[in-house]
Amino acid sequence: MATTAAGAEGYDRNVLDFATYEDYLDQQVTGEDLFFLEDQDTARKIVELGYKGKDVLSREEFEAAQQLARTGPMKRRESAEVICSAGKDVSDSPLLAALAKREELVRTGKLATVIFIRDYVGGQEVSSYVDFGHRLRSENFEAYFNKEKKLLPKRSDLSYYNWKTHTLFYNNSPTFQVLADSELGLVMKHKRDRKAIHVDPNAASPGDNCSRTVVPCKDYLQVVLYDHVTRRKN
């Protein structure tokens, strides 16, 4: 899992993806950590003290990095973000059409979307839960809307599973913390408003302010979109 770091001489504007220092630490806490430690505060402390072998910012460094990212020459300009699906004809792709409708809302933080994709990659059936917002920020997503690339599962997604080898990966993102609940199954907890998306298809509800949409796609084995209308904390 990638760690956001900033030195004394510079900054990383990714620190603005985290509302609090605790949210920053949570990104690096895995579901396995919580399973064995059974306490989120303890898991955070282990990350903060560097016992996981990562270059982790102290609280003071984190707050300084946020201040620099807000005021530096590369400060975030959310209102000026380019909508890369604009003007693209994606009418023949149900998934891309659905993502194009959500892109601006996701970029402005009004909506958080998790994409479940199941398909064949390299001859093996794989699936993952994708943080759409994180992929938008970390990849050239225009290539997908131009149909130059196919959106496929990655081991760096929120959850990745290889159905042949039974390989499983969990990764937190700047927006979601992945939790494995003994009763609810896999849960994606939104870091800003603390609401959870329940991705179990048998769950009575996908969660508060959440919806589950099955997207029929001929070019995928299965696609499901989980949308969460976010409520920002003041």
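The values are calculated or read from the model by the stated rules, or taken from the named source; none is laboratory data. Only a predicted model underlies this, so the values are computations on that prediction, with no experimental measurement involved. When the accessible area is computed, the model is the full protein with side chains, heavy atoms only, and any ligands, DNA or RNA have been set aside. Shrake-Rupley method; radii C 1.70, N 1.55, O 1.52, S 1.80 Å.
Can you sort Asp119, Asp208 by 1.4 Å-probe accessible area, starting with the largest?
Ranked from most to least accessible, the order is Asp208, Asp119.
How much length would be gained if the chain were fully extended between Ala180 and Val82, taking 0.36 nm per residue of separation minus their Cα-Cα distance, in nm to one decimal?
Full-extension gain reported as 31.8 nm.
Over every pair of different alpha-carbon atoms in the range 162-234, take the mean of 1/r and invert it; report that Kirkwood radius in Å.
This gives a value of 13.8 Å.
Hey, what's the Kirkwood Rh for the range 112-234 if you take every pair of different alpha carbons, in angstrom?
With all distinct Cα pairs of the range 112-234 included, I get 15.0 Å.
Past 19 Å, Cα to Cα: identify those pairs from Lys101/Lys195; Lys150/Lys195; Lys150/Lys218; Lys88/Lys154; Lys164/Lys189; Lys149/Lys218, in the order given.
Over 19 Å Cα-Cα: Lys101/Lys195; Lys150/Lys195; Lys88/Lys154; Lys164/Lys189.
Please work out the C-alpha center-to-center distance from the range 145-162 to the range 91-111 and express it in whole Å.
16 Å
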